[in-house]
Structure formats: structure tokens, C-alpha cells
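Enquirer: My structure is below; once you've seen it, I'll send some questions.
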Amino acid sequence: MPETQGSSAIPGILASIVETKLHDLEGLRLRRDQLERGAEGAPPPLDFLGAISGGGSVSLIAECKRRSPGAGEIRPGLDPVALTRGYQGAGARALSVLTDARHFGGSLSDLEDVRAAVDIPILRKDFTLDALHVFEARAAGADAVLLIVRILDDTTLRGLLTLAGDLGMAALVEAHDALDVRRALEAGARMVGINNRDLATFSTDLETTLRLLEDVPPGVVVVSESGIRRRSDVARLGAAGVDAVLVGETLLRAEDPAAAAGGLSDVPRRARSA
């Protein structure tokens, strides 16, 4: 398992997911040349960072997933294309597509299908541990990858950030505490995701974002993740200067996910000052 460079211990479910991902890497190594060629030959990525930053409103990153370890089945029969087209039409600035099969019911095929159907940027949301995962994401059409500080040592984090940049991709570098944020910034992150969910207890608290926001310089884009359920939550985050929110379960449990996405879009945002 990757070293954590002094970060808090990896919670059990996250450790289990990492273990399966490390096992799966053995198969990917046999396809390294194919993945690198696929990444190099893919159409140029869209500007994920530009799409979610710089405006006067909080950007919505709307998520596509069927289930999660904490919530169980959420929307098992979803149609990724219909779902994400609805999100785009409702004002989402970007998308997050879960591609982990074992724990979230996703696949790279979901990502490929969505990429062919929409024209806004897509984050491949998965547990990126190795350069092969980044090449795989780019080859499938992802414009950004998720890098979770808690499961990466500093050298690997920097290397994956550099590789994503070399491929023209953005990286959402996810933190949950002050040490994670510091490590993300020291590695050169331009976009920090603050996860409001404690993966040890699965409880969520928006105060996590509001507390850690002061540790992030104004030039770094901040995305608040998890526990965002209503427009007033987005308004509260926007008033503090958060650039974007990533929302999954709230939208996916709604009778009409597109309408729910519309209700969380175009919420005013106050710019953070230096």
C-alpha cells in the first residue's frame, strides 16, 4: 500500500479499495503500451479547471454512480448517457463519472459513453494510484483525474500531478484534513477537493470545507465534496468563496436528477481575497 507520509491512517474501507486497485494494476501493466498509445491518440482534453472556476456562481460538478460502500444501492438502473445529458442541460459545468466496478458499480464504458454524448468536461472518479490509471483515464476520454492525498505518498502524488499536466488533464487533489491540504499544496495542486465525509465514520459535515478553506490560497480552485443536499448548502459554501461543489447521492436519489441539478446550479459565489 502507498506510504502516507504522516497523514492520518487510511480508514478501513478505503484501505480495502486500495488493496483491490493495487491487485488490478498487475493486469494493467501487461497493457502499458496499449494504454500509452490510447492516451496519446485520444482527442485533446477539455479544460476542466477553466470550466468550473472564475465565475460569479458556484459551479456544479454532477456525478454519475450506481452505488457506494457507505450508501449501498443509490440508482442501480441508471442510464449514464440520459443522466449526464440531463445534468448538462440543467446547468452542470462538469461531470464526475465513477468507474470503479466492485464498490460503485461503474466502468470505463460508462465514461466512454458519456464522453461521446456530452460536451462538458469529465472527471474520472476512481482511486488513482499509478501512471497506468492516468493513461487509462485519458484513453477513455477523461479530462481530469482524482488524486486522493490520503492514499498517495508525496513522490507519487507529485508524479501523477505532473503526468496529468503533461497529458493536458486537470487533477482534483482530494483532502480531508489540514495535513492533507498542506501536502496537496506542497505537491503543486491547482485544484483541491475538500471531502466533507469522514471515511472512518461516513458522517458528513460542511464545516470541514469551511474550516479548511482558509488554508487554501485564493489562486487554487476549491471543490467541496459530499454532504451537499440543498441549495442553501451551496449558498453557504458560495458565500465563503468555494468555487465548485461535487454532488452525487442527492441528485441520484431525486425523482428527477436533472431538475435536482438545476436547483443546485447558478448559486452566487463570493470571490476569495488574497
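Enquirer: Would you mind checking segment 14-44 for residues with the amide N under 11 Å from a putative spin-label position 7 Å along Cα→C-beta of residue 102?
Expert: 14-25
Enquirer: Given a cut-off of under 8 Å on Cα pairs at least six residues apart, what relative contact order in percent is computed for the chain?
Expert: For the chain, the relative contact order is 23 percent.
Enquirer: Quick one: if you stick a label point 7 Å off each Cα along the C-beta vector at residue 239 and residue 85, how many nm between them?
Expert: 3.9 nm
Enquirer: Amide H neighbours of residue 267 under 5 Å, at least 5 residues apart or on other chains, H built in the peptide plane: list them.
Expert: It is 58, by chain and number.
Enquirer: Measuring with a 1.4 Å probe in the full set of protein chains, what accessible area per residue, in whole Å², belongs to the chain?
Expert: Per residue, the chain has an accessible area of 40 Å².
Enquirer: Which order do 22, 160 take by accessible area at a 1.4 Å probe, largest first?
Expert: Numbers: 22 60, 160 10 Å².
The ranking, largest first, comes out as 22, 160.
Enquirer: Taking segment 41-128 as the region of interest, what is the percent of Cα-Cα pairs per 5 angstrom bin, listed from the shortest bin to the one with the maximum distance?
Expert: Bins of 5 Å from zero give 3, 14, 25, 24, 18, 11, 4, 1 percent of pairs.
Enquirer: Take every Cα pair under 8 Å in segment 225-274 that's 6+ residues apart, average their separations, divide by the length, and report that relative contact order as a whole percent.
Expert: The value is 49 percent.
Enquirer: Here's another thing I want to ask about it. What are the residues whose amide H is under 5 Å from the amide H of residue 194, where those residues sit 5 or more places off or on another chain and H is modelled from the backbone?
Expert: The answer is 175, 223, 224, 225.
Enquirer: Same structure, new question: Calculate one ³J(HN,Hα) per residue across segment 168-182 by plugging θ = phi - 60° into the Karplus curve 6.51 cos²θ - 1.76 cosθ + 1.60, and present them in order as whole Hz with x for glycine and proline.
Expert: x, 9, 9, 10, 8, 9, 8, 10, 10, 9, 5, 5, 4, 4, 4
Enquirer: Have a look at 159, 41, 141 and tell me which one the Gaussian network model of the chain (Cα, springs below 10 Å) gives the largest fluctuation.
Expert: Per the Cα network of the chain with a 10 Å cutoff, 41 tops the list.
Enquirer: Just the number, please: carbon plus sulfur as a percent of the accessible area of the chain, 1.4 Å probe, no ligands or DNA/RNA counted.
Expert: Solvent-exposed carbon and sulfur of the chain make up 48 percent of the total.
Enquirer: Where does the Debye-calculated log10 I(q)/I(0) of the chain sit at q = 0.10 Å⁻¹, using only Cα point scatterers of equal weight, no solvent?
Expert: -0.45
Enquirer: Determine ³J(HN,Hα), in whole Hz, for all residues of segment 51-66 in sequence, where each value follows from phi through the Karplus function 6.51 cos²θ - 1.76 cosθ + 1.60 and θ = phi - 60°; x replaces Gly and Pro.
Expert: Per residue, the Karplus-derived 3J(HN,Hα) values read 5, 10, 10, x, x, x, 10, 6, 7, 9, 9, 9, 9, 10, 7, 9 Hz.
Enquirer: Right, something else. On full extension of the chain, what length is gained from residue 25 through residue 214, given 0.36 nm per residue of separation minus the C-alpha to C-alpha distance?
Expert: 64.4 nm
Enquirer: Follow-up. Pulled fully out, how much extra length does the chain show between residue 73 and residue 116, if you take 0.36 nm times their separation in residues and subtract their Cα-Cα distance?
Expert: 12.9 nm
The values are calculated or read from the model by the stated rules, or taken from the named source; none is laboratory data. Here the structure is a predicted model, which is why all the values come from computation and not from measurement. Counting neighbours? That spans all protein chains shown, and the Cβs are built from the backbone with ideal geometry, glycine included. Note: accessible area is taken over every heavy atom of the protein model, side chains too, but ligands, DNA and RNA are not part of it. Shrake-Rupley method; radii C 1.70, N 1.55, O 1.52, S 1.80 Å.
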